[in-house]
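The values are calculated or read from the model by the stated rules, or taken from the named source; none is laboratory data. Since the structure is predicted, the reported quantities are computational estimates derived from the model, not experimental observations. Glycine gets a Cβ as well: all are built from the backbone with ideal geometry, and neighbour counts include every protein chain shown.
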Amino acid sequence: MLKLLRWIDCRKLGCRKKSFSPFFSEGIFEEDKGMFGKNAEKANGKTDERGFSLIEVMIALAIFSIGILGVASMQILSVNYNTHARRTTGGTSLGVERMERLMTLRYDDADLDPIANNPHTETRGIYNITWNVTDNIDNKGINMTVSWTAMGVTKNILIRYIKPQDI
């Protein structure tokens with residue numbers, strides 16, 4: 001109670017206590033000189049400075065730029081992987097489409113002839129579709145390769161199918 005009364009009296013006289021609370025231990029009382037007075041120093045000897053120094057701002061910008069460079073490199077990798085995935089999906093779709101057309105042909109069709117025109121080739125855009133037909137006793141094996149070149153590297157997809165002899 002005594003601390004509360006001292007705090008109230010101090011506030012009436014224009015003093016201020018560092019902790020601004022009567023419930024903490026007695027602090028250092030000093031006259032209220034205002035924020036911009038001649039003696040704006042605190043009790044611990046430090047001046048009342050606000051804001052950031054130029055070095056603090058430069059360090060913060062350096063840390064921020066390192067983070068942004070990481071995000072930018074992840075973005076470039078993401079674009080490259082999406083391009084690779086799109087091309088792989090396109091090649092697979094074209095190969096499966098061509099294989100389905102070969103599956104619907106008659107057993108003795110020219111596109112399924114293992115002797116003439118083997119290997120069979122077809123080009124669609126950036127994709128080269130090549131298939132070899134092997135003649136077995138009661139079926140024909142079709143080995144198809146879809147290939148394309150991306151960034152100087154040739155990519156391949158292999159699709160296999162066994163076509164039974166028509167009944």
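Which one of these does ARG98 not meet: (1) in a helix (DSSP H, G or I); (2) over 22 Å from THR88 (Cβ atoms)?
(2)
Among SER78, SER147, which is touching a residue at least 12 places away in the same chain (Cβ under 8 Å) and of a type outside the set (Val, Ile, Thr)?
Numbers: SER78 fails: touching a residue at least 12 places away in the same chain (Cβ under 8 Å).
Step by step, each of SER78, SER147 is checked, and only SER147 is touching a residue at least 12 places away in the same chain (Cβ under 8 Å) and of a type outside the set (Val, Ile, Thr).
Between GLY91, GLY141, GLY95, which is of a type in the set (Gly, Ala, Ser), more than 14 Å from ARG160 (Cα to Cα), assigned by TED's automatic domain parsing to the domain that holds ILE159 and in contact (Cβ under 8 Å) with a residue 12 or more places away in the chain?
GLY91
Quick check on region 118-138: of everything there that is under 37 Å from the mean Cα position of the chain (by Cα) and either not in a strand (DSSP E or B) or not assigned by TED's automatic domain parsing to the domain that holds GLU97 (or both), which residue is farthest from ARG87 (Cα to Cα)?
Once the filter is applied, the top-ranked residue is GLY125.
Looking only at region 139-166, which residues are outside any strand (DSSP E or B) and farther than 14 Å from ASP108 by Cβ?
Answer for region 139-166, where residues must be outside any strand (DSSP E or B) and farther than 14 Å from ASP108 by Cβ: MET151, GLY152.
So which of VAL146, VAL153 ends up being exposed (fewer than 11 other Cβ atoms within 10 Å of the Cβ), of a type in the set (A, V, I, L, M, F, W, C) and closer than 29 Å to ASN82 by Cα?
Values: VAL146 fails: exposed (fewer than 11 other Cβ atoms within 10 Å of the Cβ).
Result: VAL153 is the single residue among VAL146, VAL153 that is exposed (fewer than 11 other Cβ atoms within 10 Å of the Cβ), of a type in the set (A, V, I, L, M, F, W, C) and closer than 29 Å to ASN82 by Cα.
Scan (1) within 26 Å of THR154 (Cα to Cα); (2) exposed (fewer than 15 other Cβ atoms within 10 Å of the Cβ) for the single condition ASN136 breaks and write down its number.
The one condition ASN136 does not meet is (1).
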